[in-house]
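The values are calculated or read from the model by the stated rules, or taken from the named source; none is laboratory data. Since the model is a prediction, treat every value here as computed from it, not as a measurement. Cβ: placed from backbone, ideal geometry, glycine included. Neighbour counts: every protein chain shown. Accessible surface areas use protein heavy atoms only, side chains included; no ligands, DNA or RNA. Shrake-Rupley method; radii C 1.70, N 1.55, O 1.52, S 1.80 Å.
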Amino acid sequence: MEQGRAEGFDGFVATRWSTLFHLSRLLVGGDRHRAEDLLQEALVKLWFVWPRIAEEAPEAYVRKVLARAAARSARRRWWGESPVEELPDLPAAGDVSAAVVERSRLEWALAQLPPRQRAAVVLRYYQDLSEKQVAEVLGCPVGTARSHASRGVARLRRILFDVIEPVG
């Protein structure tokens, strides 16, 4: 029994690690180390309920644990972000690193959102969950989840488009 449990769990982790890690990283605002810790915490919790969850929806369970743990950890302590006086130069048109820079800007902007808004935006638009599923993961009514996502997107737009002023 224990051998089959381990194989099923190991297989799930091996196939879903990359996706779950990326979700975790987005939920914590891009901090790779916090994302690894958060995902490890979620997978430990999954291990203990694996026999019960394995046939149902282990990924949904991990998403819920990640979103809640990310919100909890954001309330607990300061992680050492520090603002800079000058923004980095914008990439030139056609620059192959433009996509990487844009992704970094988005991760930085996501990190500026409050934890619940960040979780709602990531779950709704990155994970492509329905409003009902986002509400279930966040443990709140659908209207509240919709409000978090809407406010998060509006704030992201302000952060991303009000920060950089056109030259000239």
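In the condition set (1) assigned to a helix (DSSP H, G or I); (2) over 19 Å from His22 (Cα atoms), Cys140 is compliant with all but (1). Consider the stretch 127-137 and keep the residues that are part of a helix (DSSP H, G or I) and out of contact with any helix residue (DSSP H, G or I) (no Cβ under 6 Å at 6 or more places or on another chain). The one that is least open to solvent (accessible area, probe 1.4 Å) is Gln133. Given the structure, is Pro83 under 25 Å from Arg34 (Cα atoms), out of contact with any Phe, Trp or Tyr (no Cβ under 9 Å at 6 or more places or on another chain) and modelled with pLDDT of 90 or more? Here the answer is no, as Pro83 does not meet what is asked. Within the stretch 148-168, residues that are assigned to a helix (DSSP H, G or I) reach partners that are polar (S, T, N, Q) and modelled with pLDDT of 90 or more with beta carbons closer than 7 Å, at six or more positions or on different chains, in the pairs His148/Gln117; Arg151/Gln117; Gly152/Gln117; Arg155/Gln117; Ile159/Gln112. Among the residues of the stretch 120-131, are any farther than 26 Å from Asp37 by Cα, modelled with pLDDT of 90 or more and not aromatic (Phe, Trp, Tyr)? Within the stretch 120-131, one or more residues are farther than 26 Å from Asp37 by Cα, modelled with pLDDT of 90 or more and not aromatic (Phe, Trp, Tyr).
Of all residues in the stretch 21-43, those that are over 12 Å from Arg68 (Cα atoms) have Cβ atoms under 6 Å from Cβ atoms of residues that are open to solvent by 50 Å² or more (accessible area, probe 1.4 Å) and of a type in the set (Lys, Arg), 6 or more apart or on another chain, in Ala35/Arg25.
Among the residues of the stretch 1-9, is any in contact (Cβ under 8 Å) with a residue 40 or more places away in the chain and open to solvent by 40 Å² or more (accessible area, probe 1.4 Å)? Yes.
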